[in-house]
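S.K.: Sharing a structure below in structure tokens format, with a few things to ask.
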Amino acid sequence: MNKESYIKDAEESILHTYNRFPVVFDHGEGVYLYDTDGKEYLDFAAGIAVQAFGYHNEEYGEALKAQVDKLMHTSNLYYNEPIIRAAKRALKASRMDRVFFTNSGTEAIEGAIKAAKKYAFTRDSHAGHEIIAMNGSFHGRSIGALSVTGNAHYQEPFEPLMPGVHFAEYNDLDSVKALINEKTCAIILETVQGEGGIYPAKKDFLEGIRALCDEHDILLILDEIQCGMGRTGEMFAWQHYGVKPDIMTSAKALGCGVPVGAFFLTERVAQKSLAPGDHGTTYGGNPFVGAAVDKVLEMMEREDITGHVKEIAPYLEQKLDELVEKYDFLTARRGMGLMQGVVCEKPVGQIAAKALDKGLVVITAGADVLRLVPPLVIGKEHVDEMAAKLDAVMAEL
Ligand SMILES: *Cc1c(COP(=O)(O)O)cnc(C)c1O
């Protein structure tokens, strides 16, 4: 079948919730993808910050295959060994105390919201608590996660959403302070805003929020679904700041292609939070995803992935800065580690499409940001190739 007929079949059968680029990817190797026509693409999107090790990593593939042959699923009515190994590694990497595995990022957020509400319910012996979230945030598409996502366009058709959510300005501590009342149970934010346009939290903002939380016994929920798992040069971005969350969410690169998420609690919060009967999942944390998460974390640790990111990221920043310098419609670069955004005054969707034509996968964030979230294993030669291709795209605008 040719590309056009694949796309025609897709558009006739799959619900049209995405305006997709006209590419059908067939396989991947390292940091390259290949479409059904055999065309090669350098991948600086990693399936939206998922494929930390790129494609066709043999050690990872072998671990999955072995688990497929052994045991895929049993339910959470029983223990299974791979997820126990994965949990131990995840707690070590996150410096948190308790973990609950989910099937996606949005479900991790749902769990985090419930955990915060239950904590406040236990403390106060009544319900009716509220949450502070940030404008420009993205936490997922299910109703709870959508309720704390500060994007009116995403929310409007689905109102009424979960009540009791108030939105502050990201990196504006006073705007958060102004919203705190006796009902507030949690403040939720991404340590680095992703979909909203790649905005890292300022240090004093995060420290200020931590202090507010401590003062009022409010829980700090940090969403590390996109910025976590080594992407910024620490396993989780908050580890740059010396500010620890009470609840943290992860997903995306946690499974490197296997759908899995997680929310983490400190022991102090866990003691007053979700108990038997409060929360559950059929698939979450099954043996198959356990093998995936265990292997991903083992490889990240052994190969010192954060050390590699710290080494390569300044070179990526330098190359992007050169482009920003060269083209006056590129107005800024911002980000942390291998999570970078270039602010652009020309339509970014068009730029991403042109880049695809030239064999480079990049994505966008917000209305005017070109987003680069490559596999964490990229080398300097890949940064050079990306910069040359992006330069060629810009030159045509
Ligand atoms: C992608 C993302 C989510 C949602 O994760 P899904 O797996 O798509 O449900 C939540 N928060 C952040 C910061 C994300 O980047």
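S.K.: Just one of 268, 333 is away from the ligand (no atom under 16 Å from the Cβ), surrounded by fewer than 24 Cβ atoms within 10 Å (Cβ to Cβ) and either in a loop (DSSP other than H, G, I, E, B) or not assigned by TED's automatic domain parsing to the domain that holds residue 387 (or both); which is it? First the steps, then the outcome.
M.R.: Working: 333 fails: either in a loop (DSSP other than H, G, I, E, B) or not assigned by TED's automatic domain parsing to the domain that holds residue 387 (or both).
Going through 268, 333 in turn, the sole match is 268.
S.K.: Here is a further query. Can you name the residue in region 197-227 that is part of a loop (DSSP other than H, G, I, E, B) and more than 12 Å from the chain's Cα centre (by Cα) and is also farthest from the ligand (Cβ to nearest atom) among such residues?
M.R.: Among them, the one singled out is 217.
S.K.: I'd like the residue in region 80-125 that is β-branched (Val, Ile, Thr) and closer than 13 Å to residue 285 by Cα and, out of all such residues, is nearest to the ligand (Cβ to nearest atom). Give the steps one after another, and end with the answer.
M.R.: Of all residues in region 80-125, those β-branched (Val, Ile, Thr) come to 83-84, 99, 102, 106, 109, 113, 122.
Among the residues that remain, those that are also closer than 13 Å to residue 285 by Cα are: 83-84, 99, 102.
On the way: 83: 18, 84: 23, 99: 16, 102: 9 Å.
Filtering first and then ranking leaves 102.
S.K.: When you look at residue 128, is it modelled with pLDDT of 95 or more and either within 12 Å of the ligand (Cβ to nearest atom) or touching a Cys at 6+ places or on another chain (Cβ under 9 Å) (or both), yes or no?
M.R.: Values: modelled with pLDDT of 95 or more: yes; either within 12 Å of the ligand (Cβ to nearest atom) or touching a Cys at 6+ places or on another chain (Cβ under 9 Å) (or both): no.
Here the answer is no, as residue 128 does not meet what is asked.
S.K.: Here is a list: 77, 42. Which entry is aliphatic (A, V, I, L, M) and under 29 Å from residue 284 (Cβ atoms)? Walk me through it before giving the result.
M.R.: Working: 42 fails: under 29 Å from residue 284 (Cβ atoms).
From the options 77, 42, the qualifying one is 77.
S.K.: Now for a separate question. More than 28 Å from residue 333 (Cβ to Cβ) and in the same structural domain as residue 136 (by TED's automatic domain parsing): which single residue out of 183, 203 fits that description? Even if it seems obvious, please write down each step before you answer.
M.R.: On the way: 203 fails: more than 28 Å from residue 333 (Cβ to Cβ).
From the options 183, 203, the qualifying one is 183.
S.K.: When you check residue 183 against the structure, is it under 30 Å from residue 303 (Cβ atoms) and basic (Lys, Arg), yes or no? Don't jump to the end; show me each part of the working.
M.R.: Numbers: under 30 Å from residue 303 (Cβ atoms): no; basic (Lys, Arg): yes.
Criteria not met by residue 183.
S.K.: I've got another one for you. For region 263-291, what are the residues that are in contact with a helix residue (DSSP H, G or I) (Cβ under 6 Å, 6 or more places away or on another chain) and either among the aromatic types (Phe, Trp, Tyr) or under 30 Å from residue 62 (Cα atoms) (or both)?
M.R.: If the condition is that a residue be in contact with a helix residue (DSSP H, G or I) (Cβ under 6 Å, 6 or more places away or on another chain) and either among the aromatic types (Phe, Trp, Tyr) or under 30 Å from residue 62 (Cα atoms) (or both), then 263, 264, 285, 287, 288, 290, 291 are the ones that fit.
S.K.: Check whether at least one residue in region 354-361 is among the β-branched types (Val, Ile, Thr), crowded, with 20+ Cβ neighbours inside 10 Å and assigned to a helix (DSSP H, G or I), and report yes or no. Spell out the reasoning first.
M.R.: Taking region 354-361 and keeping what is among the β-branched types (Val, Ile, Thr), we get 361.
If we keep only those that are crowded, with 20+ Cβ neighbours inside 10 Å too, we end up with 361.
Checking which are assigned to a helix (DSSP H, G or I) leaves us with none.
The answer is no, given that none of the residues of region 354-361 is among the β-branched types (Val, Ile, Thr), crowded, with 20+ Cβ neighbours inside 10 Å and assigned to a helix (DSSP H, G or I).
S.K.: On the basis of being outside the structural domain of residue 294 (by TED's automatic domain parsing), touching a residue at least 24 places away in the same chain (Cβ under 8 Å) and crowded, with 19+ Cβ neighbours inside 10 Å, does residue 100 make the cut? Walk me through it before giving the result.
M.R.: On the way: outside the structural domain of residue 294 (by TED's automatic domain parsing): no; touching a residue at least 24 places away in the same chain (Cβ under 8 Å): yes; crowded, with 19+ Cβ neighbours inside 10 Å: yes.
Here the answer is no, as residue 100 does not meet what is asked.
S.K.: Somewhere in region 243-250, is a residue assigned by TED's automatic domain parsing to the domain that holds residue 79, within 11 Å of the ligand (Cβ to nearest atom) and touching a Cys at 6+ places or on another chain (Cβ under 6 Å)? Let's see the steps before the verdict.
M.R.: Within region 243-250, the first condition is being assigned by TED's automatic domain parsing to the domain that holds residue 79, and the residues that meet it are 243-250.
Subset that is within 11 Å of the ligand (Cβ to nearest atom): 249-250.
In the following step, the residues that additionally are touching a Cys at 6+ places or on another chain (Cβ under 6 Å) were identified as none.
No, every residue in region 243-250 fails to be assigned by TED's automatic domain parsing to the domain that holds residue 79, within 11 Å of the ligand (Cβ to nearest atom) and touching a Cys at 6+ places or on another chain (Cβ under 6 Å).
S.K.: Looking at residue 240 and the list (1) in contact (Cβ under 8 Å) with a residue 24 or more places away in the chain; (2) over 27 Å from residue 75 (Cα atoms); (3) surrounded by fewer than 16 Cβ atoms within 10 Å (Cβ to Cβ), which single condition is not satisfied?
M.R.: (3)
S.K.: Now a separate question. Residues in region 155-166: is at least one small (Gly, Ala, Ser) and assigned to a strand (DSSP E or B)? Spell out the reasoning first.
M.R.: First, the residues of region 155-166 that are small (Gly, Ala, Ser): 164.
Next cut, assigned to a strand (DSSP E or B) only: none.
The answer is no; no qualifying residue exists.
S.K.: Go through region 170-196 residue by residue and tally those that are assigned to a loop (DSSP other than H, G, I, E, B), in contact with a Phe, Trp or Tyr (Cβ under 6 Å, 6 or more places away or on another chain) and surrounded by fewer than 20 Cβ atoms within 10 Å (Cβ to Cβ).
M.R.: 1
S.K.: Could you tell me whether any residue of region 151-159 is in the same structural domain as residue 264 (by TED's automatic domain parsing), surrounded by 15 or more Cβ atoms within 10 Å (Cβ to Cβ) and more than 23 Å from residue 227 (Cβ to Cβ)?
M.R.: no
S.K.: Still on this structure, please answer the following. Look at region 249-261 and say how many of its residues are touching a helix residue (DSSP H, G or I) at 6+ places or on another chain (Cβ under 6 Å) and within 22 Å of residue 186 (Cα to Cα).
M.R.: Total meeting the criteria: 3.
S.K.: Now, a different point. Can you tell me which residues in region 228-240 are in a helix (DSSP H, G or I) and within 11 Å of the ligand (Cβ to nearest atom)? Show your work before the answer.
M.R.: Start the filter on region 228-240 by keeping residues that are in a helix (DSSP H, G or I), which leaves 237-240.
Result: 237, single match.
The values are calculated or read from the model by the stated rules, or taken from the named source; none is laboratory data. This one's a predicted model, so the numbers in the text were calculated from it and none came from an experiment. When we count neighbours, we look across all protein chains shown, and the Cβ atoms used for this are built from the backbone with ideal geometry, even at glycine.
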